[in-house]
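A short write-up of the structure that comes next.
Where a number appears in this text, it was derived from the coordinates with a stated rule and is not lab data. Note that the coordinates shown come from a computational prediction; the quantities given were computed from them, not determined experimentally. Cβ: placed from backbone, ideal geometry, glycine included. Neighbour counts: every protein chain shown.
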Amino acid sequence: MLSQEQWQDVVDMGIIICEKTGRALGVDANIFASYVATRYPLIYNKENFYNYKDEEGKWVKIEDMKMKTTLRQILHKYYQSLWNRRLEDEYIEALKRIVFFEGDLNSERRYINMLNGMYDLETYTLVEHNRNFYSTIQIPIEYAPDAKCPNFEKFLDESFLGDEESKKSSQEWLG
């Protein structure tokens, strides 16, 4: 027997229940798609679904079969025999329309996505990851403003024979 909270979840999922028997009669694909869209950070862009991973700070492409498998698992949380191919096609098409993002991914040229945040090229500061950057690309390093670069410093010393002004100019030129 389902708790009151579970019953509400079933209704929120769009599962249609027979009040007399408690059996599942079907699923409203539009309601199920809305249920998924409000609980998972998803977008649909250029024929692909993406999920925002807070712990990674980026949008990650979801392979088609993985998406279908995950949605089927959500659908079967309370009732095991609701899935069918026609229903799957309906709720996936509805979900595409609900989470559609027509903008371009990775279009924020002002920021570089790094492991520990988004580096702002205008203010030279690190800001927190945010799904609204729509970033799928991340450089696998952490920004460390006080990092020392002994090999690079040695290279500059050798190249400019200790001329501090030339070293500074080359560092500015390199960014």
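Each Lys or Arg adds one and each Asp or Glu subtracts one; over the other residues with Cβ under 15 Å from the Cβ of GLU90, this totals +2.
Taking amide H as placed 1.01 Å from N in the peptide plane, SER135 has its amide H under 5 Å from the amide H of TRP59, ASN106, each at least 5 places away in sequence or on another chain. Ignoring lysines fewer than eight residues from LYS66 along the same chain, the ones with Cα atoms less than 16 angstrom from its Cα are LYS53, LYS96.
What is the chain's relative contact order, in percent, from Cα pairs under 8 angstrom and six or more apart in sequence? The normalised contact order for the chain reaches 17 percent. Remark: relative contact order (the range 4-98) = 27 percent; criterion is Cα-Cα distance under 8 angstrom and separation of 6 or more residues. In terms of packing, defined here as the mean over residues of other Cβ atoms within 10 angstrom, the peptides 85-92, 146-153, 120-127 line up highest first as 85-92, 120-127, 146-153.
On a full-extension model of 0.36 nm per residue, what is the gain between VAL127 and GLN80, subtracting their alpha-carbon distance, rounded to one decimal in nm? Full extension from VAL127 to GLN80 adds 12.5 nm. When the helices of the chain are scored as -39500 (n - 2.57) per DSSP H run of n ≥ 4 and the total is divided over every residue, the value at 222 nm lands at -12000 deg cm²/dmol. In straight-distance terms, cross-link reach from LYS58 covers every one of the aspartates and glutamates whose alpha-carbon lies under 19 Å from its own, apart from those fewer than eight places away in the same chain; here that gives GLU47, GLU102, ASP104, GLU108, ASP120, GLU128, GLU142.
Could you pull out every one of the lysines with an alpha carbon less than 24 Å from that of LYS148, ignoring same-chain neighbours closer than 8 positions? Qualifying lysines at Cα under 24 Å: LYS167, LYS168.
Stretching the chain fully between ASN106 and ASN30 yields a gain of 24.4 nm (0.36 nm per residue, less the alpha carbon separation).
Taking the square roots of five times each eigenvalue of the Cα gyration tensor of the chain, the equivalent ellipsoid has semi-axes of 52, 15, 12 Å, listed largest first. Electrostatic tally near SER34: other residues with Cβ closer than 14 Å to its Cβ, Lys and Arg +1, Asp and Glu -1, net -2. Based on other C-beta atoms within 10 Å, arrange ASP163, ASP28 from fewest to most. The fewest-first ordering by Cβ neighbours comes to ASP163, ASP28. Each part reduced to its alpha carbon centroid, the range 32-54 and the range 136-172 end up 41 Å apart.
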